[in-house]
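Peer 1: Can you keep this structure in mind? I'll have questions shortly.
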Amino acid sequence: MAHTTTSARGTVRLLWAGLRALLVLSLVTGVLYPLAVTGIAQAAFPGRAEGSEITDHGRVAGSSSIGQTYDLPLKKGQQTPEPDPRWFQPRPSAGLGSNRAGGVNTQYDLLVSGASNLAGDNKDLISAVRDRRAAVAEENSVPGYTVKPSQVPADAVTSSGSGLDPDISPAYADLQVHRVARANGLGVAQVRKVVDDHAKGRLLGFVGDPRVDVLQLNIAVRDLAGAHGR
């Protein structure tokens, strides 16, 4: 009987010790550590900690870390929206989402983001790139300015690793200048200046590639068109 009582007490002590460890670790890892990391992030990188928000006249328009689409409203019976010619278009998206066959834009769905995971010699990827290149060339050709498929840069026809890239290359932005200018009733030089003003170089001069944030670019174009009464 004494042996049984001692054994029961030992079990209770072990359970109590385990419960205390659970409570302490939950407090440290579930409360104190997140609060400390959040506080450091808020103090050192407030913009990024808040989601890298891009504001438009006091309202949050999106994030500089996440791309989005710029499509026309769906027409009756239409399943997939078409890209709006007034705006600069982002890179195509991949991941698990359904892409518009042969098109420039796709759904930037946060829940199914990711890379296509297709090899460079994959027949489906090669076919998709060929179709996208032709589509980009056609959609950006306007009277007096013809885009050849060979002029289309790689980022216009391939998705990023995340499938949510908010930036495009200056070359892809420049390719879209004539279309955007025509659709908004603006001068080509005006729109090209907007691109130049928003272009960013490599981080620290050697990390990454030159880029242009598409959302900031489109906000600037809309403001420019509005200032000219269009």
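Peer 1: Using modelled amide H (1.01 Å from N, peptide plane; none on Pro or chain starts), what sits under 5 Å from the amide H of Val142, excluding residues fewer than 5 places away?
Peer 2: Placed amide hydrogens put Val147 under 5 Å from Val142.
Peer 1: Taking H as built 1.01 Å from N, whose amide H comes closer than 5 Å to the amide H of Ile54, not counting residues under 5 places away?
Peer 2: Ala61, Gly62, Ser63, Ser64
Peer 1: Starting from the 7 Å offset along Cα-to-Cβ, what nm value, one decimal, do you get for the label separation of Arg48 and Ser65?
Peer 2: So the two model labels end up 0.8 nm from each other.
Peer 1: While we're here: In which sequence would Tyr33, Tyr145, Tyr70 go, from the one with the fewest C-beta neighbours within 10 Å to the one with the most? All intermediate terms of the calculation are to be shown ahead of the outcome.
Peer 2: Details: Tyr33 11, Tyr145 14, Tyr70 18.
With the sparsest Cβ surroundings first, the list reads Tyr33, Tyr145, Tyr70.
Peer 1: Counting other beta carbons within 10 Å of each residue's own, what order do His57, His178 fall into, fewest first? Don't skip to the answer; put the middle values down first.
Peer 2: Working: His57 7, His178 20.
The most exposed by this proxy come first: His57, His178.
Peer 1: If each residue of separation counts as 0.36 nm, what is the full-extension length gain between Ala115 and Glu82 once their alpha-carbon separation is subtracted? Don't jump to the answer; show the numbers that get you there.
Peer 2: Values: separation 33, 0.36 × 33 = 11.88 nm, distance 2.24 nm.
Here the segment from Ala115 to Glu82 would lengthen by 9.6 nm.
Peer 1: If you find the alpha carbon centre of the stretch 58-97 and of the stretch 135-157, how far apart are they in angstrom?
Peer 2: 19
Peer 1: Could you give each residue of the stretch 49-64 its phi-based ³J(HN,Hα) in whole Hz, using Karplus coefficients 6.51, -1.76, 1.60 with θ = phi - 60°, and x for Gly or Pro?
Peer 2: Once θ is set to phi - 60°, the couplings for the stretch 49-64 become 5, 8, x, 6, 5, 10, 9, 10, 6, x, 10, 6, 9, x, 10, 6 Hz.
Peer 1: List, in order, the whole-Hz ³J(HN,Hα) value for each residue of the stretch 42-48 obtained from phi through the Karplus relation with A = 6.51, B = -1.76, C = 1.60 and θ = phi - 60°; use x for Gly and Pro.
Peer 2: 5, 7, 8, 9, x, x, 5
Peer 1: Under a 5 Å amide H to amide H cut-off, with H placed in plane at 1.01 Å, what residues pair with Ser93 once short-range neighbours are removed?
Peer 2: It is Thr106, by chain and number.
Peer 1: Divide, for the chain, the radius of gyration over alpha carbons by 2.2 N^0.38 Å, where N is the residue count.
Peer 2: Details: Rg = 25.7 Å, N = 230, 2.2 N^0.38 = 17.4 Å.
Cα Rg divided by the expected 2.2 N^0.38 Å: 1.48.
Peer 1: Return the lysines within reach of Lys123: Cα separation strictly under 23 angstrom, same-chain partners fewer than 8 residues apart disregarded; answer none if there are no such residues.
Peer 2: Lys148
Peer 1: Label points 7 Å out from Cα along the Cβ direction at Ser26 and Thr146: separation in nm?
Peer 2: Placing both labels 7 Å beyond Cα along the Cβ direction yields 7.1 nm.
We did not get these values from a lab; they are worked out from the coordinates using the rules stated. If you're wondering where the values come from, they're calculated on a predicted model, not measured in any experiment. Heads up, the Cβs are rebuilt from the backbone with ideal geometry, glycines too, and the neighbour counts pull from every protein chain shown.
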